[in-house]
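Inspection log for the structure reproduced underneath, given as structure tokens.
The values are calculated or read from the model by the stated rules, or taken from the named source; none is laboratory data. Only a predicted model underlies this, so the values are computations on that prediction, with no experimental measurement involved. Note that each Cβ is placed from the backbone with ideal geometry, even for glycine, and that neighbours are counted across all protein chains shown.
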């Protein structure tokens, strides 16, 4: 059984062309009753990185998997490039589900969703109101809105005064852009690791090791964003209504040493059954982007039980 090359696909999201890669199961792989999974990538990432790795693992095990670039990023459309809009990111996940319902290979009643890192916030947010997502999972999930508002606790925490100052700077970038039409970019991952401030959260250093080396580097993964994205993110709250996912199952996977583990812990506490927090011992946030040794089997078991074996459907 040899893996199949993904199919390049296009679908609209709020009028923006979204580009994805659809992984169909190889001949001879286990039957999953045409179940399919949409997969969102981390912020500043692209579909060929962590999302693609998980798509291949799911496809090899018999699932149809769709990894896609968010609007404004990767191969997808949208201007300005590298805008981070949480509400558009959530809509992209819904649009990916809509696309899957048009595919003859897919059972529309057996569609699940997986979000990695920031998409681990965007995907559950979308699933709160999109009941077509019959099972929801996250890997290294993070609420990007809270990170903007509060920083990354405890090392990277910021005060409300600091937040308001940063918002004022983002607003000023809007004024400048209005005059000349040029979006102002802010570098998120520096070219040199030595430029990372001492005492920064481990996530920042780990991200450099992934995105800026052969381990995860990709030419379309631009480690920067439009500076005014901040005022789009600051009042986004990924898990505020996470209980609305129930009675559909929710699985959140986090590394034991991840700076972001508290997001999954708090979200699971607030969610309703069926729910599960799965902690991978000894692993950091970014380690789970490409170390699938424990995450992939857990996800396969979760989606098999919730999409394939489960008889009741919403």
Subset of segment 286-314 (residues that are in a loop (DSSP other than H, G, I, E, B), at pLDDT 95 or above and surrounded by fewer than 15 Cβ atoms within 10 Å (Cβ to Cβ)): 293
Residue tally, condition modelled with pLDDT of 95 or more and not in a helix (DSSP H, G or I), over segment 193-216: 5
Selected residue (only one of 152, 163, 173 is under 20 Å from the mean Cα position of the chain (by Cα), within 29 Å of residue 210 (Cβ to Cβ) and surrounded by fewer than 24 Cβ atoms within 10 Å (Cβ to Cβ)): 152
Residue selected from segment 177-203 under the condition over 27 Å from the mean Cα position of the chain (by Cα) and more than 22 Å from residue 222 (Cα to Cα), by the criterion surrounded by the fewest Cβ atoms within 10 Å (Cβ to Cβ): 198
Only one of 248, 240 that is part of a loop (DSSP other than H, G, I, E, B), touching a strand residue (DSSP E or B) at 6+ places or on another chain (Cβ under 8 Å) and at pLDDT 95 or above: 248
Meets criteria (farther than 22 Å from residue 12 by Cβ and either touching a residue at least 40 places away in the same chain (Cβ under 8 Å) or under 13 Å from the mean Cα position of the chain (by Cα) (or both)) for residue 47: no
Options 138, 213; residue that is within 24 Å of residue 288 (Cα to Cα) and either touching a strand residue (DSSP E or B) at 6+ places or on another chain (Cβ under 6 Å) or touching a residue at least 12 places away in the same chain (Cβ under 8 Å) (or both): 138
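What do you reckon, is residue 108 closer than 29 Å to residue 67 by Cβ, surrounded by 13 or more Cβ atoms within 10 Å (Cβ to Cβ) and within 17 Å of the chain's Cα centre (by Cα)? If you could, list the steps in order and put the result at the bottom.
Numbers: closer than 29 Å to residue 67 by Cβ: yes; surrounded by 13 or more Cβ atoms within 10 Å (Cβ to Cβ): yes; within 17 Å of the chain's Cα centre (by Cα): no.
In short, no.
Considering only segment 228-237, I want to know if a residue exists there that is over 29 Å from residue 173 (Cα atoms) and touching a helix residue (DSSP H, G or I) at 6+ places or on another chain (Cβ under 8 Å).
The answer is no; no qualifying residue exists.
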